[in-house]
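Only one structure is covered here, and it is reproduced in the block below.
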Amino acid sequence: MKRAPLTQKGANKLRAELDRLKSVVRPQIIAAIAEARAHGDLKENAEYHAARDQQSFAEGRINELENTLANAEIIDTSKLNPGSRIVFGALVELQDLHSEEAVTYQIVGDLEADIKLRMISVSSPVARALIGKSEGDVVDIVTPGGRKSFEVVEVRYED
């Protein structure tokens with residue numbers, strides 16, 4: 001099985017969520033279940049059923065996070081030295097050659113991609129078009145809005 005790439009920052013974020021679920025959320029749910037049980041008949045106890053649903057969701061998320069972290073290939077982008085060439089983990093500033101609009105993306109693993117945060121998946125069409133390019137290169141990218149041309153203005157790597 002191929003291991004999914006994950007930045008160190010993304011792995012830390014997932015570990016923090018896992019820790020919070022195990023040390024804060026799980027005990028809260030256990031306490032809520034115990035309190036609901038104290039109210040008597042469990043068949044018609046909505047609080048009990050809601051707490052059990054929360055427990056099921058939390059345990060599922062804990063399992064998902066543990067599996068993700070166990071099977072991920074964590075890449076420390078601060079140790080990469082590709083120069084101005086675009087590789088996994090790069091922060092890439094692009095300028096649209098038609099509208100002159102600038103945009104910055106970070107190329108991350110599938111598991112941490114979030115377009116709202118301008119973090120794009122390494123397997124996305126945009127990232128695939130950018131990988132291997134360098135500052136000053138012009139890249140044609142097919143987007144849902146049509147073909148666009150971008151100039152790679154800057155490539156940098158952060159911790």
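The values are calculated or read from the model by the stated rules, or taken from the named source; none is laboratory data. On a predicted model such as this, the values are computed, not experimentally measured, just so you know. Here the Cβ positions follow ideal geometry from the backbone for every residue, glycine too, while neighbour counts run over all protein chains shown.
Couple of notes before you dig in:
- For SER78, the criteria (1) within 23 Å of ASN12 (Cα to Cα); (2) touching an Asp or Glu at 6+ places or on another chain (Cβ under 6 Å); (3) not in a helix (DSSP H, G or I) hold in every case but one, which is (3).
- Selection within segment 1-49 - hydroxyl-bearing (Ser, Thr, Tyr) and without any contact (Cβ under 8 Å) to a residue 24 or more places away in the chain: SER23, TYR48
- Any hit, segment 46-57, residues being under 21 Å from the mean Cα position of the chain (by Cα), assigned to a helix (DSSP H, G or I), of a type outside the set (A, V, I, L, M) and in the same structural domain as LEU21 (by TED's automatic domain parsing): yes
- Selection count where residues are farther than 18 Å from VAL122 by Cβ and either of a type in the set (Lys, Arg) or not assigned by TED's automatic domain parsing to the domain that holds ILE141 (or both), scope segment 84-107: 0
- Of all residues making up segment 11-57, the number that are of a type outside the set (A, V, I, L, M), closer than 30 Å to ILE107 by Cα and in contact with a Leu (Cβ under 7 Å, 6 or more places away or on another chain): 2
- Selected residue (criterion: farthest from GLU112 (Cα to Cα)) from residues of segment 50-70 that are among the polar types (S, T, N, Q) and without any contact (Cβ under 8 Å) to a residue 12 or more places away in the chain: SER56
- Leading residue by the ranking (farthest from VAL87 (Cα to Cα)) among those in segment 142-158 that are surrounded by 16 or more Cβ atoms within 10 Å (Cβ to Cβ) and β-branched (Val, Ile, Thr): VAL152
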